[in-house]
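**Student:** Before anything else, here's the structure in question.
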Amino acid sequence: MAKPAKTFVCSACGSVFPKWAGRCEACGAWNTLEEQAPRPALPGGMKAGAVTRGKIEFVGLAGISPPPPRIPTTIAEFDRVLGGGLVPASVVLVGGDPGIGKSTLLLQAGAALGQSARRVLYISGEESVDQIRMRAARLGLTSAPMHLAAATQLGDILASFAQFPDAALVVIDSIQTMWTDGVDSAPGSVTQVRAAAFELIRAAKTQGFALMLVGHVTKEGNLAGPRVLEHMVDVVLHFEGDRGHQFRILRGVKNRFGATDEIGVFEMTGAGLAQVANPSALFLAERRGNVSGSAVFAGLEGSRPVLVEIQALLAPNPGGSPRRSVIGWDSGRLSMLLAVLETRCGLKLAMNDVYLNVAGGLRVSEPAADLAVAAALISAAADIPTDPAMVFFGEVGLSGELRQVAQAELRLKEAAKLGFSQAASPKRIAGGAARIAVPESLKLLEIGHLTDLVGVITQGLKRATQNKDPR
Ligand code: TYD
Ligand code: MG
């Protein structure tokens, strides 16, 4: 019988190759190929696929399947991202940079569930039980019922699940530290991570507990270990933030049971993660009025409006190729906007380095931010502050025209709530969008083309210096 062939799997993208190479042909990453144990041969010369075990049953599309039951963690920001709470027997992967607060978040979520009389197991392969207890003391959670263990050997872990048939949640911190002796490669290697995740997921599905896995993130920002991990789980959450800032964002990346565009906002305090119910106030907290190159964007994160400050800085660069540096927004989108501003509005930006920053470390992915970015750039180029009581939103097309964006009403309401008195937005189209209700305290400035925006900002010079910050 032929020996089963060895295969090599890329730890960055999960592609499988018959031969080792220094570089992955699929994703181009270097030194990511690892040997994978061959699949055991089937007994008696049986061919794969020849095993028959009875028939599967097919059903039609019609019929009612009840929505999955949910267990709320009682941490509202966390539940929002999960889509309303934990689904029993589901698997959640939480990724994030080291030190961002993953262990803290899951300890708090576990304790919250424990307090609502659910059985929670917390297994750490990274910290000792004493370290976790110390953290719990710092978080004021010592009275929360929870079963703690420090372990990395998967066989032991799986065997001990039998003691807790009523477990509602099992936390594994982190999947990279788990190893099974069925696979003879080092802990943290692709094969180990995948095998360990597979076993744990199977246990979660058969015993019905929700499983939360912590996953480390590589320098490139991908979840370390095989990408296949992302395919194996039901929900992938990224815990992000700038370690220089105190707030953290929990972002849904994949969710088989809910929307993926929701975010949860937390603040890292001396006593753990605190929920931020009003993120706009937080993101605008450090804003200073009357500075050129700044504009407030009325954005939307999932179902929630979020106001953030967009900052632009232009620095002269007479020779060489100018720099374009973006934090928190898409650099391709910035290039497009710069080109539109140059060709359609006559702004001269080619001899300038351009720096763009979404203040506070939030990452904005909406095209609706175009107008706010354009406002920040025009304001920087003209050295005239935008009106500090004005918010901006709208998508810009290649000819410089403004396009409607979704949920204008929600954005306007949030702006009014935070004390803004003006909103620059695309022209309402007769018919559908004309019905947008504008809050009474807000004046709507409808902008048809980017050149109108240049007018709004340059005329705003006098007003901007008189107006006070709205908050
Ligand atoms: P941690 O949850 O250990 O991060 P991760 O598991 O993602 O590696 O969080 C570590 C950081 O959080 C550490 O730098 C200290 C900080 N921290 C606080 O500021 N306040 C707290 O109450 C706790 C528990 C941690
Ligand atoms: Mg940790």
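The values are calculated or read from the model by the stated rules, or taken from the named source; none is laboratory data. Because the structure is predicted, anything quoted here is derived from the model rather than measured. Reconstructed Cβ throughout: ideal geometry from the backbone, glycine too, with neighbour counts over all protein chains shown. In case anyone asks, the SASA skips ligands and DNA or RNA and just uses the protein heavy atoms, side chains included. Shrake-Rupley method; radii C 1.70, N 1.55, O 1.52, S 1.80 Å.
**Student:** Of G140, S15, I172, which is farthest on the positive side of the dipole of the chain, counting Cα position, with +1 on Lys and Arg Cβ, -1 on Asp and Glu Cβ, and the Cα centre as origin?
**Tutor:** About the Cα centre, the residue reaching furthest to the positive side is S15.
**Student:** Could you give me the ³J(HN,Hα) list for segment 404-414, computed from phi with Karplus coefficients 6.51, -1.76, 1.60 and θ = phi - 60°, whole Hz, x at Gly and Pro?
**Tutor:** With the stated coefficients, segment 404-414 comes to 4, 10, 5, 6, 4, 4, 4, 5, 5, 4, 5 Hz.
**Student:** Check the cysteines of the chain one by one and keep only those with no other cysteine Cβ under 4.7 Å from their own.
**Tutor:** That list is C345.
**Student:** Next question, about the same structure. So how much accessible area does T458 have, in Å² to the nearest 10, using a 1.4 Å probe?
**Tutor:** The accessible area comes out at roughly 60 Å².
**Student:** If you don't mind, another one. Order of 371-380, 63-72 by packing, highest average Cβ count within 10 Å first?
**Tutor:** Packing order, densest peptide first, comes out as 371-380, 63-72.
**Student:** Same structure again: Which net charge results for the neighbourhood of A277, defined as the other residues with beta-carbon distances under 15 angstrom from its beta-carbon, given Lys and Arg at +1 and Asp and Glu at -1?
**Tutor:** Values: positive: R80, R248, R304, K417; negative: E77, D79, E262, E267, E301, E414.
Once all neighbours under 15 Å are counted, the net charge is -2.
**Student:** Taking +1 at the Cβ of each Lys and Arg and -1 at the Cβ of each Asp and Glu, which of V438, F266, L105 sits farthest along the dipole of the chain towards its positive end, judged by Cα position relative to the Cα centre?
**Tutor:** With unit charges placed on the Cβ atoms, the residue in question is V438.
**Student:** Could I ask something else about it? If you place +1 on the Cβ of every Lys and Arg and -1 on the Cβ of every Asp and Glu, how big does the dipole about the Cα centre of the chain come out, in debye to the nearest 20?
**Tutor:** 520
**Student:** Give a residue-ordered list of calculated ³J(HN,Hα) values for segment 374-389 (Karplus: 6.51 cos²θ - 1.76 cosθ + 1.60, θ = phi - 60°; whole Hz; x for Gly, Pro).
**Tutor:** After applying 6.51 cos²θ - 1.76 cosθ + 1.60, I find 4, 4, 5, 5, 5, 4, 5, 5, 8, 6, 10, x, 6, 4, x, 9 Hz.
**Student:** Also, quick follow-up: Add +1 for every Lys or Arg and -1 for every Asp or Glu among the other residues with Cβ under 14 Å from the Cβ of A186, and state the total.
**Tutor:** Neighbour charge sum, excluding A186 itself: -3.
**Student:** Add +1 for every Lys or Arg and -1 for every Asp or Glu among the other residues with Cβ under 15 Å from the Cβ of R135, and state the total.
**Tutor:** -1
**Student:** Here is a further query. Once Lys and Arg get +1 and Asp and Glu get -1 on their Cβ, which of H238, A162, T191 lies farthest toward the positive end of the dipole of segment 99-251?
**Tutor:** H238
**Student:** Show the residues, 5+ positions off or on another chain, whose built amide H is closer than 5 Å to the amide H of N255.
**Tutor:** V236
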